[in-house]
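Below is one structure, written out as structure tokens, with a few remarks after it.
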Amino acid sequence: MTIDQLIGAGVLAATLRLATPILLAALGGVVSERAGVVNIALEGCMLVGAFFGVVAADQSHSVVVALVAAMAVGAGLAAIHAVAAIHLRSDQIVSGMALNILALGLTSYLDYQFYGTTGTPSDLAGVPDIEIAPLAAVPFVGDVIAHQNAIVWAGLALVVLIQVFLFRTVPGLRLRAVGEHPRAAETVGIAVRQTRYWAVIASGMLAALGGAYLSLSVAHSFTDGMTGGRGFIGLAAMIFGRWTPVGALVASLIFGYGTALSFSLQGASIGDVRVPVQLLSTLPYVLTILAVAGFVGRSRPPAADGIPYETEGHA
Amino acid sequence: MIGARPERARTTGATAVGTERVPLLEMRGIRKRFGDLQALDGVDLVVNEGEIHALVGENGAGKTTLMNVLYGLYHPDSGTIRYRERDVRITGPRDAIALGIGMIHQHFMLVPPLTVAENVVLGDERGGPVLDDRAIEERVRGLEERFAIAVEPGARVEDIPLGLQQRVEILKVLYRGSELLIFDEPTAVLTPQEVDELFAIVRTLREEGKTLILITHKLREVMAVTDRITVLRGGRNAGELVTKQTTPAEIARAMVGREMKQLKARATPPRTEVILDVRGLEALSDRGSPALRGIDFEIRSGEILGIAGVGGNGQSELAQCLLGLRKVAAGTIRIGGIDISRDDPKRTRARGVAYVPEDRRIEGLVLAFTVADDFILGKQDRPPYAANGIVLDPAAILKAGGRLAVEYDVRPPNPRAIVANLSGGNQQKVVLGRELSERPKLIVVSQPTRGLDIAATEYVHERLLEQRGQGAAILLVSSELDEIRALSDRIAVMFEGRIVAVLDAASATEERLGLLMAGHTEAAA
């Protein structure tokens with residue numbers, strides 16, 4: 001085992017790549033839960049984003065169209081969750097889980113219908129990397145960030161944007177108020193349900209972008225269930241990051257690093273002992289369990305998170 | 001609800017005052033129905049500009065419903081609202097705010113993690129989409145200076161006491177330029193000193209030309225601060241009075257529809273036998289911080305010890321420790337000489353300890369159960385309810401339920417009724433029936449009349465005094481100072497996890513208790 005295998009530029013570059021889909025799902029979770037809706041359908045939103053991104057790329061040969069389509073479908077799936085959670089006041093976990101199963105079945109079925117057994121076309125329009133020429137020559141730093149995918153940068157930009165939106169703008173203040181104390185928000189004239197609808201739909205778009213990243217930036221194809229639980233890990237990153245975008249970024253990087261390590265340490269050994277890579281690759285999932293079980297600090301969710309809002313007098 | 005409608009206690013003085021001023025608000029014939037409940041049955045409310053108007057009535061009389069109609073949170077089934085001599089339709093809080101109507105809610109409508117200033121401006125932030133903390137704090141500070149209301153604008157609401165949180169609520173309403181301010185039970189959570197401060201603010205607001213509606217059932221406050229009074233009973237008008245020309249007894253009669261009973265004087269002094277002896281009791285709160293920091297007291301047979309204190313100073317934890325519901329960190333709790341501080345609730349109860357918890361809906365009852373089933377909770381493994389300790393005997397449970405329902409005046413006296421469908425007073429009677437029917441030695445009672453109407457409150461008090469007369473020792477935790485002073489033989493004041501003073505009921509004036517509750521030990525001693 002070498003230092004390079006632990007913290008080399010290759011590992012760190014991979015960390016960024018691997019953290020991005022988790023980060024986008026986590027940001028979706030932050031936006032939705034800050035407004036008071038638990039959206040575990042993020043996993044499903046990612047999956048439909050991955051699939052329909054591929055379909056749209058295949059049909060249009062345009063990356064922009066593909067990404068827009070992916071996010072639109074993600075928004076649509078999230079909108080179903082929003083109707084169930086906000087309008088029908090159903091159990092948000094049950095609704096989210098049902099949509100995840102729907103997304104899995106639907107993408108699997110349509111994948112077979114569209115592409116049969118041959119798989120998705122190999123000439124898909126992929127999301128390009130952004131080459132930062134001046135940095136490319138800089139040792140280490142250049143190797144880490146000079147050749148990252150456009151969506152990686154988009155994810156980092158969204159962290160800043162959403163952080164500023166939530167904590168430094170008026171709509172962000174209102175969104176947080178809705179997630180903490182919806183009745184208080186309503187009594188000062190804030191439209192609680194409308195705010196929640198937009199937040200859930202935005203969360204679906206963010207997660208779908210994460211899914212499109214997997215299919216159009218990384219794999220350049222779609223395979224059944226290719227999101228592999230990253231939507232859930234994203235939710236863990238959200239909790240880990242205490243429902244803030246910056247915190248979600250840090251948590252996503254930790255999860256990404258865990259996965260990157262498990263790749264880079266393939267076949268490595270300490271002395272005569274082989275590093276148990278299989279065990280190492282469970283690291284993100286173990287961290288997820290710890291985060292969700294509340295072992296990592298005391299993080300407090302928004303007070304009205306997951307509680308349907310009932311307008312008084314309509315009971 | 002209330003069937004017969006006694007004569008109205010309408011005075012002629014009301015109209016005399018009314019003609020001098022223009023009515024700011026006229027609500028006429030307001031009706032509102034929730035399912036089977038006719039909450040408002042044609043209520044009128046006329047409020048003149050620049051007055052403090054009391055809206056009084058028992059729980060369930062329709063006060064809050066009426067104000068929610070005015071504030072646009074409920075839509076009335078019929079009736080008209082005129083404001084500044086114009087017919088208005090209020091479909092939501094936004095409309096009410098636009099008209100200049102503001103509400104200071106009983107359960108504060110504040111977002112705890114946000115700052116004072118953020119809470120004040122929320123929903124009406126002004127100055128573009130970017131949130132400028134400094135600018136809004138300045139604006140709030142200006143407002144505070146104008147109305148002489150002091151709160152640190154940059155503090156987080158979750159970090160400040162309830163009395164200050166209420167000021168934030170008032171500032172919120174003033175910030176929106178409200179002319180008519182509705183205060184919904186504003187003193188429920190305040191210490192006596194905070195109440196005085198609130199009333200000073202209320203008077204300042206009137207001097208500034210604001211009109212105020214004060215919803216309350218505390219007659220002393222009505223007499224102290226208001227100009228006119230509208231009484232509601234059972235969703236209807238039961239009187240319009242001028243404060244200067246009426247008496248608390250007259251208001252109470254209008255509220256209840258009959259004369260109030262006087263509590264019987266405590267005839268017998270407590271006996272000598274010590275039932276409960278607590279020494280050096282310490283315990284942690286749910287958050288892990290010290291909640292009880294060395295509590296010593298004793299209660300004798302036939303004695304009621306009242307625990308006064310602002311909520312959150314360890315009263316709930318003390319009650320829980322006595323029942324074995326909370327881990328005792330140090331100290332002893334002796335019942336008849338035997339230490340029970342390590343016992344679980346079942347063993348504690350077997351020693352003759354009964355418990356009327358502070359939230360009957362959460363701790364006291366299984367709401368989905370029948371009256372009969374709730375009556376036997378905790379005794380379900382004993383004969384006659386379960387002959388062998390496992391299989392329940394429904395017939396015996398039903399029989400006992402029917403008997404207790406009659407004995408404790410549960411209405412309707414139907415053992416098969418679902419507890420969730422009973423009124424608060426009748427739910428509390430089910431708790432009392434279960435807890436008092438087996439001759440307990442010690443009764444721990446927490447907020448026994450919270451949310452109950454006057455009749456149910458009287459009933460609970462009578463039952464507790466009856467237990468006292470039979471020799472039970474009673475620990476009474478209550479946030480209602482009047483209740484504590486009326487029932488207790490001695491009063492212990494809790495502050496920050498300690499008992500800071502134990503007073504004889506006779507020497508416990510409200511002022512003294514208030515100072516002690518606020519932590520001023522020397523001043524009151």
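The values are calculated or read from the model by the stated rules, or taken from the named source; none is laboratory data. Predicted model, so just to flag it, every value in this text is computed and none were measured. Every residue, glycine among them, receives a Cβ derived from its backbone with ideal geometry; neighbour counts consider all protein chains shown. In case anyone asks, the SASA skips ligands and DNA or RNA and just uses the protein heavy atoms, side chains included. Shrake-Rupley method; radii C 1.70, N 1.55, O 1.52, S 1.80 Å.
Here the spin labels are modelled as points 7 Å beyond Cα on the Cα-Cβ line, and at B:Arg361 and B:Arg439 they lie 3.7 nm apart.
Of all lysines in the structure, those lying under 17 Å Cα to Cα from B:Lys327, and not within fewer than 8 positions of it along the same chain, are B:Lys346. Taking every alpha-carbon pair under 8 Å whose residues sit at least 6 apart, the stretch B:107-177 reaches a relative contact order of 48 percent. Apolar share of the accessible surface for the protein assembly as shown: 57 percent from carbon plus sulfur atoms, 1.4 Å probe.
Other residues whose C-beta falls under 15 angstrom from the C-beta of B:Ala330 contribute a net charge of +3, scoring Lys and Arg +1 and Asp and Glu -1. Using Cβ point charges alone (K and R +1, D and E -1), the dipole size of the protein assembly as shown about the Cα centre works out to roughly 1740 debye.
Based on alpha carbons, the Rg and Dmax found for the stretch B:107-177 are 10.9, 32 Å. Can you grab the distance from the C-alpha centre of the stretch B:163-211 to the C-alpha centre of the stretch B:452-525, Å, no decimals? Comparing the Cα centres of the stretch B:163-211 and the stretch B:452-525, I get a distance of 27 Å.
Placing dummy labels 7 Å off each Cα toward the beta-carbon, the span from A:Val164 to A:Val286 is 3.9 nm.
Quick check on the stretch A:68-183: take the gyration tensor over C-alpha atoms, sort the square-rooted eigenvalues as a ≥ b ≥ c, and tell me if it's rounded (a/c under 1.5), prolate or oblate. Cα axes put the stretch A:68-183 in the oblate bin.
Peptide B:117-123 is shielded by partner chain Cβ atoms: per residue, an average of 5 of them sit within 10 Å of its Cβ.
Please list, in order, the residues from the stretch B:423-451 whose amide nitrogen is less than 20 Å from a point placed 7 Å along the Cα→Cβ vector of B:Gln470. Counting only backbone N, you get B:426-446, B:448-449. May I ask you to derive the FRET efficiency for B:Arg156 and A:Thr118 from their Cβ-Cβ distance with R0 = 56 Å, giving the value to the nearest 0.05? The computed FRET efficiency comes out at 0.40. Give the calculated FRET efficiency between B:Asp393 and A:Arg300 to the nearest 0.05, with a Förster radius of 51 Å applied to their Cβ-Cβ distance. Calculated transfer efficiency: 0.65. Each Cα pair under 8 Å and six or more residues apart adds its sequence gap; the mean of these over the residue count of chain B is a relative contact order of 14 percent. Under a model in which nothing but the beta-carbon of Lys, Arg (+1) and Asp, Glu (-1) is charged, the stretch B:107-177 shows a dipole of about 240 debye around its Cα centre. Of the peptides B:162-169, B:135-142, the ranking by mean beta-carbon count within 10 Å, highest at the top, reads B:162-169, B:135-142.
Both radii come from the Cα set of the protein assembly as shown: Rg as radius of gyration, Rh as Kirkwood radius; their ratio Rg/Rh reads 1.04.
Dipole of the protein assembly as shown computed with +1 at Lys/Arg Cβ and -1 at Asp/Glu Cβ about the Cα centre; of B:Pro394, B:Leu487, B:Gln380, farthest Cα towards the positive end is B:Pro394. Two numbers describe the Cα atoms of chain B: Rg and Dmax, which are 24.9, 76 Å. Modelled spin-label separation between B:Asp133 and A:Val141, with each label point placed 7 Å from Cα along the Cα-to-Cβ direction: 3.0 nm. Among B:200-210, A:84-94, the peptide with the highest mean count of other Cβ atoms within 10 Å heads the list, and the full ranking is A:84-94, B:200-210.
Helices that extend 20 Å or more along their long axis by alpha-carbon positions and average at least 1.0 on the Kyte-Doolittle scale are, among the DSSP H runs of chain A, A:9-34, A:42-60, A:63-82, A:150-168, A:245-264.
Legend: mean number of C-beta atoms from other chains within 10 angstrom of residue C-beta atoms, peptide B:86-92, equals 1. Counting only other chain Cβ atoms within 10 Å of each residue's Cβ, the peptide B:98-111 averages 3. Within straight-line reach of B:Lys210, meaning a Cα separation under 14 Å, sit the following aspartates and glutamates at least 8 residues removed in sequence or on another chain: B:Glu49, B:Glu51, B:Glu179, B:Asp227. Cross-link partners of B:Lys32 among lysines, defined as those whose alpha carbon lies under 24 angstrom from its own and excluding same-chain residues fewer than eight positions apart: B:Lys63. Counting charges near A:Gly105 (Lys, Arg +1; Asp, Glu -1) among other residues having Cβ under 14 Å from its Cβ returns a value of -3. Note down the net charge around A:Val200, summing +1 for each Lys or Arg and -1 for each Asp or Glu among other residues with Cβ under 12 Å from its Cβ. Residues close to A:Val200 contribute a combined charge of +2. Helix content alone sets the calculated 222 nm mean residue ellipticity of the protein assembly as shown: runs of n ≥ 4 DSSP H residues at -39500 (n - 2.57) each, divided across all residues, give -13500 deg cm²/dmol. Our summary gives chain A a relative contact order of 36 percent, counting only alpha carbon pairs under 8 angstrom and 6 or more residues apart.
Packing, taken as the mean count of other beta carbons within 10 Å per residue, orders the peptides B:28-38, B:244-254 from highest to lowest as B:244-254, B:28-38.
Buried accessible surface for the B/A pair, both sides summed and rounded to the nearest 100, is 2100 Å² with a 1.4 Å probe. Computed from the C-beta positions of B:Val22 and A:Ala79, the FRET efficiency with R₀ = 51 Å rounds to 0.50.
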